[in-house]
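See below for the structure under consideration.
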């Protein structure tokens, strides 16, 4: 993800985000200048298409503008837990606009990093994984719970589904789907316990490929950080962090 075409895509998409902030959200150049640290004249030239920001500035601008325009706010407004600590993610993974913004977010964060494949788990991770793979211009691999007929050999990873569930889950991917020379980005809509994402990471390791990062829309609680031990190995990009109902209630 380091070609001139990818960098140009990032720069153009940042301009669109700036225009959204200016013309659709009616945020003044003065306000934008105070938040981005860039002069009004520079922002005006960007928004009017007179000049494009370089790649480094585009990435910097994107991080600020994405918070202003509010993908994180939109996600948080749709997260409502039930009494058992679960939430319905249908309004998130079925919303094309949210998925498109999230894919742009992934492009902005992983621009300049080497990504050759995107790996996700069936089924909820597939819509986001598809959009991110498309944005990055790479192929998508889906870890499935069953072996598919016609595939000769698989890589598989078995893990316990929930600390006290006593239930095991196995993810399978075609053995030839990931090569040693690949650099794979793990994508999922939500991370809570971290078991599924850790299984995906282990599949990449079994293929002896590189892990380029982990990208998710929502991270719930802190438990997943202990299970997904990737500190220093690769970046973990999360759009929004939320507390579990238990954690939120303990602070009342």
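Every read-out reported here was derived from the displayed coordinates using simple, explicitly stated rules and does not represent laboratory data. Being a predicted model, the structure only gives us computed values, none of them experimental. Every residue, glycine as well, gets a Cβ built from its backbone with ideal geometry; the counts of neighbours run over all protein chains shown.
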Revision key, fill the gap. One checks the Cα atoms of segment 1-136 and finds Rg and Dmax, in Å, of 16.4, 53
Review point. Restricting to the chain, what percent of DSSP beta bridges are antiparallel, rounded to 5?
Key: 30
Review point. Given a Förster radius of 22 Å and the C-beta distance between residue 24 and residue 86 as r, what FRET efficiency does 1/(1 + (r/R0)^6) yield to the nearest 0.05?
Key: 0.05
Revision key, fill the gap. Length gained if residue 147 through residue 50 is fully extended, taking 0.36 nm per residue and subtracting the Cα-Cα distance, is 29.6 nm
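Can you work out the FRET efficiency for the pair residue 96 and residue 4, with r the C-beta to C-beta distance and R0 = 25 Å, to the nearest 0.05? Mind showing how you got there, number by number?
Details: r = 28 Å, r/R0 = 1.12.
The formula returns an efficiency of 0.35 here.
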**Study point:** Which of 59, 117, 152, 35 has the fewest Cβ neighbours within 10 Å, and the rest in rising order
**Key:** 152, 35, 59, 117
Study note, to complete from the structure: Read-out Cα extents along the principal axes in Å, candidates (i) 45, 42, 40; (ii) 47, 43, 35; (iii) 59, 49, 32; calculated match is (iii)
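Stretch residue 12-residue 205 to full length: gain in nm at 0.36 nm per residue minus the Cα-Cα span?
Details: separation 193, 0.36 × 193 = 69.48 nm, distance 3.48 nm.
In short, 66.0 nm is gained.
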Study note, to complete from the structure: Within segment 112-249, the percent of DSSP beta bridges that are antiparallel, given to the nearest 5, stands at 25
Point to revise | FRET efficiency for residue 40 and residue 227, using Cβ-Cβ distance with R0 set to 45 Å, rounded to 0.05 | key: 0.45
